[in-house]
Each structure stands twice: as structure tokens, then as C-alpha cells.
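Down below is the structure, laid out as C-alpha cells.
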Amino acid sequence: MGESGRYLYAVTRDVDPQALRDVPALSGGTLEVLEHDEFLAVVSTVDLDEYGEEALRVNLEKLEWLEKAAQTHHAVIEAVSDLGPVAPMRLATIFLDDDSLNRRLDEWRHALTQVLDRVAGRLEWSVKIIAANGAPGASGTRDPDNRPASGADYLRQRKAAVEQRSQRESESQQEAHRIHEVLSARAVATRVLQPQDPRLTGHHGTMVLNAAYLVEAAEGTAFAEEAASCAEAQPHLEVDVKGPWPPYSFAMLEQR
Amino acid sequence: MSETPDQVPAARAYQGGMSQAGRPQPANLADILERILDKGIIIAGDIQVNLLDIELLTIKIRLLVVSVDKAQEMGIDWWRHDPMLSGRAQALEDENRELRERVDELESGKGS
């Protein structure tokens, strides 16, 4: 084993470190909980041959390595989130030693405290709304009974189809917005995220809403039920509800 | 976790139906990555992870996440285009091309 570093998964407080004893750490290491004033830093030792700057540049691009690292990192954060408030770190936040890590916690003390206060007792729910693209025959397919008589006629038909599609899209946007308002009323905070790329998710249609909701842990079930009933009321919209997540989307620091 | 990472093929499909027993839902990897790369707390550690690299990385992941088969099935060839191009811009471009072809066809007298 070469030089080693300290990989920081998350910062928390008021949890029993023993409860994390059996959670697997990266690279077969052991999870440790370091106490630093009111904070508990969840860390493990990693080999810099695997997690140094050069190695990371290579490893992060290997899907198998990345998948394992991402899932282990996420599983640790979920385990912490089950116990108490969690301020999750981005993947691959690594220090050379504990002194350096503690100095950084001191530097970010105020912001970390704010994040932990904000997320304590709350969890994140993700809601994505997808509108199907167009009705059959609206574009692309050619209806033999409705053949354009001329080039100009054809262009008129296409123009009408495009306008119809854009109107349907704007109606879907408005419905998604109404659902977002209903769900926001049940949330402590909300964040509207970038719509995901259909080429990444494989969904068909337009993602008209990708939002995260910070919800009181005790109200999670009611939130999910509300989302499901919104979905039922709008059968032509696909409403994808996932949760509860650790509050990743609400643990971002103000200074960015 | 009871996963068997050694058996994961490099170009596995991460969408629906390909889940092996006992493994987390494959689609979750995209959701997990969205969160652990883009969200959460970004504190600079002692080990520099270049931000630009992370951005490039997400683009590469998007490529890898969709398996080659799935990609072809969906008619994906977007790595030949600007990766920043949105789906809508691409659709408009496609429609534009279709229209131009159709107009050419009509003008040459074949389509009417």
C-alpha cells in the first residue's frame, strides 16, 4: 500500500457512531467517525494509488470503478441519513490527513451548521414529470387521405402540426406547474433542477418538471400519496416519484 | 450490499428490465450520479478533482449509461453532434432537414 488519504463521505452530528460500524467503506476499508467539536465526520482511509489525483483521473472514467464507488459513497450517506442530519460531500472529497480535514471543517463551520439545521428531520423526494410527445399523425407520419396538394399546402400542414404540438407542450408545462405548486405546499423547500436528458434516462417525451422537495420525514408517505393522486388526475403526464433520498439537493452551500 | 461487481459488463443497459436479482435498480445509477456529482457539498479536498473533468465525465457517463444496443434502438448518434445540443434543438434540426427534403421532392415533381 502506498500513501494514504482520508476520504470524507459526510458530516453529521448527534448520531451513535456504533450504528455505522457494519456499513461497507470504499476499497474494503473501515468506516470511521471522527469527532470535531459538534461535528462528526464520516471517513475512511483510501490508498492514494487508487484515489490520488492521477489515479482518480483514470478511475473516474472507468464505469465499473465509478459505479462501485458511487454506490458505496451513496450507501454510506443513506446509512448516515437514517441516523441523523447529513451534509453529504461530493464524490471524491479527500484529505491528506485528519488535521487538514479538521481545518476545513473549521473553515466551513458556519455553512455546515446551516445545512445540518436545514435538513434535520427532513428527507428529499424527487418528482419528474414527462409529457408524451404529440398525438399519432401530428408529425412525421404521412396520412394518405390527407396528402398535401402542393408544396405550400404541405408547409401549411406542417406549420399547423408544429403549432398544435407547441400548444400541447405549453399546456403540459402549465399542468406540471400546478402539480409543482400542490407538492410545494407540502414541502419545506423545493428546488427545480435541470430536466434530464432523455438520452440519459431513456424516457420518451419532454421532461416538463424535474424537481426536488425537502419534506418532513414523518410526512413522506402523505407527500408520495399526493404526488400519486396528482398523477392519476393527469393521465397523459407521466409522474415519476422517487424517494426518500438523503437531502442531497438541499445540502448545497451558499458559496458557489 | 450483496452485489457482484466483477460480473458487471462495461456496456450494461441501465434502463428497465435488465436488473439482475439482488442488484439495485439499474436506472438508479443515473439518479445517484446526478446527486453525488452535481449536488451535495463541494468542499475542496487536498486531492484535486478538476471540475472540468467532472463535467466531461458526466458526458462520458451519459454515453456509457446507454448501452450500445439501447442507443441504436433509440436511434442515438448524438456523440457525433455537440454534446451540449438539447433534444429539442436536435428535433428541430431533424424536422428542418425533413422539410427541406420534402420540398426538394415536391419541386422535382415526384411528390404531388
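The values are calculated or read from the model by the stated rules, or taken from the named source; none is laboratory data. These numbers were taken from a predicted model, which means no experiment stands behind them. Quick reminder, even Gly has a Cβ in these numbers, built from the backbone with ideal geometry, and neighbours come from all protein chains shown. Protein only, heavy atoms only, side chains kept; ligands, DNA and RNA dropped before computing areas. Shrake-Rupley method; radii C 1.70, N 1.55, O 1.52, S 1.80 Å.
Checked against the criterion of being within 20 Å of the chain's Cα centre (by Cα) and either farther than 20 Å from A:LEU123 by Cα or not in a helix (DSSP H, G or I) (or both), the candidates A:ALA160, A:ALA176 yield just one match: A:ALA176. Provide a single number: the residues in segment A:170-196 that are surrounded by fewer than 17 Cβ atoms within 10 Å (Cβ to Cβ), more than 18 Å from A:TRP245 (Cα to Cα) and in contact with a helix residue (DSSP H, G or I) (Cβ under 8 Å, 6 or more places away or on another chain). Number satisfying all stated conditions: 1.
Checked against the criterion of being touching a residue at least 24 places away in the same chain (Cβ under 8 Å) and part of a helix (DSSP H, G or I), the candidates A:LEU183, A:LEU209, A:LEU214 yield just one match: A:LEU183. Confirm whether A:ASP106 is touching a Gly at 6+ places or on another chain (Cβ under 8 Å) and either assigned to a helix (DSSP H, G or I) or crowded, with 23+ Cβ neighbours inside 10 Å (or both). Here the answer is no, as A:ASP106 does not meet what is asked.
Of all the criteria given as (1) of a type in the set (Val, Ile, Thr); (2) over 24 Å from B:GLU34 (Cα atoms); (3) at pLDDT 95 or above, the one not satisfied by A:VAL15 is (3).
The numbered conditions (1) assigned to a helix (DSSP H, G or I); (2) open to solvent by 10 Å² or more (accessible area, probe 1.4 Å); (3) of a type outside the set (D, E, K, R); (4) on the phi < 0 side of the Ramachandran plot are all true for A:SER27 except (4). Looking at A:ALA218, A:ALA224, A:ALA212, A:ALA228, just one residue is away from chain B (no Cβ under 12 Å) and surrounded by 16 or more Cβ atoms within 10 Å (Cβ to Cβ), and that residue is A:ALA224. Taken as a whole, the structure places A:LEU112 among residues that are open to solvent by less than 40 Å² (accessible area, probe 1.4 Å), of a type outside the set (Gly, Ala, Ser), assigned to a helix (DSSP H, G or I) and out of contact with any Leu (no Cβ under 6 Å at 6 or more places or on another chain). Of everything listed in (1) over 30 Å from A:SER249 (Cα atoms); (2) within 12 Å of chain B (Cβ to nearest Cβ), the single unmet condition for A:PRO195 is (1). Look through segment A:48-90, keep the residues that are in contact with a Gly (Cβ under 6 Å, 6 or more places away or on another chain) and more than 7 Å from chain B (Cβ to nearest Cβ), and return whichever of them is surrounded by the most Cβ atoms within 10 Å (Cβ to Cβ). By that ranking, first place goes to A:LEU48. Given the structure, is A:SER249 in a helix (DSSP H, G or I), over 17 Å from A:ASP82 (Cβ atoms), open to solvent by less than 20 Å² (accessible area, probe 1.4 Å) and polar (S, T, N, Q)? Spelling it out, A:SER249 is indeed in a helix (DSSP H, G or I), over 17 Å from A:ASP82 (Cβ atoms), open to solvent by less than 20 Å² (accessible area, probe 1.4 Å) and polar (S, T, N, Q). In the set A:LEU66, A:LEU40, A:LEU91, A:LEU56, which member is part of a strand (DSSP E or B) and within 21 Å of B:ASP46 (Cα to Cα)? The match here is A:LEU40.
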